[in-house]
1. Which of the residues that make up the stretch 432-458 are open to solvent by less than 20 Å² (accessible area, probe 1.4 Å) and of a type in the set (F, W, Y)?
2. Looking at the stretch 294-304, can you tell me whether even one residue there is out of contact with any Lys or Arg (no Cβ under 6 Å at 6 or more places or on another chain), assigned to a loop (DSSP other than H, G, I, E, B) and among the polar types (S, T, N, Q)?
3. Looking at the stretch 328-346 only, could you name the residues that are closer than 29 Å to D294 by Cβ and open to solvent by 60 Å² or more (accessible area, probe 1.4 Å)?
4. Which condition from (1) under 20 Å from R350 (Cβ atoms); (2) open to solvent by 70 Å² or more (accessible area, probe 1.4 Å); (3) in contact (Cβ under 8 Å) with a residue 60 or more places away in the chain is the one that R257 breaks?
5. Can you find a residue that is under 20 Å from R119 (Cα atoms) and in contact with a helix residue (DSSP H, G or I) (Cβ under 6 Å, 6 or more places away or on another chain) anywhere in the stretch 150-159?
6. Criterion first (open to solvent by less than 60 Å² (accessible area, probe 1.4 Å), in a loop (DSSP other than H, G, I, E, B) and more than 21 Å from V122 (Cα to Cα)) does A55 satisfy it?
7. Kindly list the number of the only condition in (1) at pLDDT 95 or above; (2) closer than 23 Å to I222 by Cα that fails for I104.
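The values are calculated or read from the model by the stated rules, or taken from the named source; none is laboratory data. Computed from a predicted structure; not experimentally measured. We place every Cβ from the backbone using ideal geometry, glycine too, and count neighbours over all the protein chains shown. Calculation scope for accessible area: heavy atoms of the full protein, side chains included, ligands and nucleic acids excluded. Shrake-Rupley method; radii C 1.70, N 1.55, O 1.52, S 1.80 Å.
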Amino acid sequence: MAKTETYPGGYDKLMERAESRREPLDYAEGEALAPLDTDLAALCTTPTAASPRKAGGSSYAAKKHTLEQEFDGQPALLALHGLVISNLRKTDFPDHAPALFQRIWAEHGDFLIAHLPLRWLVSAITTFGDHGVNEAQRSIGRALMLMFAMIKLYEFERLYSGHRPDEVFSGAEKSNTALPLDSPTYALLGGGLDVAVLTRLWQDARQDAVVRPLAEHLLDAINTDPGTLFRRLRRMADHRRKRRALTNPNPIPVPRRIVETNPARLRWGVAATLNEDREQAICFAAHHLDLGADAVVLTADDPAHAPEELMHHPRISIVIADETVITEEQREKLTTRNARKLFYFNRARRNMRLDWIAMLDTDEFLTADQPVADRLASTSGDLAFLTLPVVEQFADAPHLFRPPADDYGLDANQRDDLYPVFGRYLPDLILGPAHPRIFVRGKIGKIRVGNYVVKHQRKAASNGAMAADLRIAHCHAPSFAKFQSALPRRLAEGYRQVQTDGIDVSSALESLDPNNENESIDAFFDEMCRARPDVLKALAAHDALYEINLDLARKIEKMSQEVITP
């Protein structure tokens, strides 16, 4: 069967058409592109003035006049940049044009990003693809040119569906036909093609210092625009998950006999896995004992992590993870500390037989607006667990905490102003995970608590509720010294577990000097962790600045008086 061509004549004909549009600009006598040693800084402050167009002039003069009209009154560097690109699009151009383009971007790239509309920035990245000085520039330039070209084509065609760019399809009219070119279908809930494409571009963008700011800006534009295919796919996936939760509820049966409604009889506790910071473990135990916990269960994956000071307190259980706790076979299967942490928590939940037990880390502190036992006793009997919102402590400001960014919503300009360098790596603008923590009924059988989820019959359980009045104060990086000392462990075991579309805090930290000789880690910490006045002001304006006094010294002293000496 003969194949019909979308473009009759094939690619040879297409090339003829493309080449016909690339005739070089002609220059009249006395006309020339600005020289390579042009004072570019002066052009940043000199306004463009549109001169009258002369009839019958050169194509160079016509293009120059068009650009002067477009950028009339704006910095003259913008018009020159456009004129250089216009030359470089042709089959021939002044010999110094590529070097002038490179110089403009090397010396004034940030200025252009701040002043040029997106279409000119796309033209610039396309020019890097054609005239880059190295493979890194040419590769990312060509890739992003193709990306933005395809976005324009498919988004234009989509307008004929009658749907706005930011409007997702319901899914009810989905055709079940095969995709063109024998492509396998995309999995809306589990598919990773979008992530693979974008993260590959993000990684490639970082290979050249000159093109990197432009490429990252364009990728950020794709990530923040509400009308792209990527955003629609994410929203469609979210809608499907919500529909499944509504149509396929998975409640955990809660027997009435285990629902304790008398605060005086209700017993609750917290469980955590210890790390090398034994002082932190002492603070964790003291805080929760003062809060009224009937049990604090601390599992030592490494016996050296167990604080001797806590061994003999009547409400503290120190569990050494020897072979009676976790067999060698189980340890071989649970290769990461995080996997073993879940194992230890579920074991503690079964063994302690508390009415309620929370899974936390030792740098996380439960806070409550009323006695915790009173709050838990009043929980509806059909709820199997509660989820606890988290706020993260600012460094060097022990009383000040911030919620995940999604909870208060800085706009894109505010984010860029407050977190200009590293903010893109932390969508929630906190170092630790933004997921609510789990507080579960301890006497329910046949469940498993996983990472920020409770599972029943191997599926996420549906009968939980957010407890906004029970908040987790996360003291993730209270000082630079603690942040730096914990960094190797967290890069290996912690930050790796908190990924957002492949771009996360570990991506930022691993690109920095691990020895901090160039103070790059200091720069990250200063931007993302410290209580800078402009950040505090913005959070206060969004009613998202929390003041919590943990008063740990008093609680530790109180706990020390309760220890029974053997």
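1. F439
2. No.
3. Q330
4. Among (1) under 20 Å from R350 (Cβ atoms); (2) open to solvent by 70 Å² or more (accessible area, probe 1.4 Å); (3) in contact (Cβ under 8 Å) with a residue 60 or more places away in the chain, the lone unmet condition for R257 is (3).
5. Checked against the condition, which is being under 20 Å from R119 (Cα atoms) and in contact with a helix residue (DSSP H, G or I) (Cβ under 6 Å, 6 or more places away or on another chain), the stretch 150-159 yields no hits at all.
6. no
7. Tallying (1) at pLDDT 95 or above; (2) closer than 23 Å to I222 by Cα, I104 fails exactly one: (2).
For (1) part of a loop (DSSP other than H, G, I, E, B); (2) open to solvent by less than 50 Å² (accessible area, probe 1.4 Å); (3) under 25 Å from G141 (Cβ atoms), each residue gets a yes or a no:
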position	(1), (2), (3)
Y11	no, no, yes
M15	no, no, yes
R22	yes, no, yes
A28	yes, yes, no
L78	no, yes, yes
L100	no, yes, yes
A106	no, no, yes
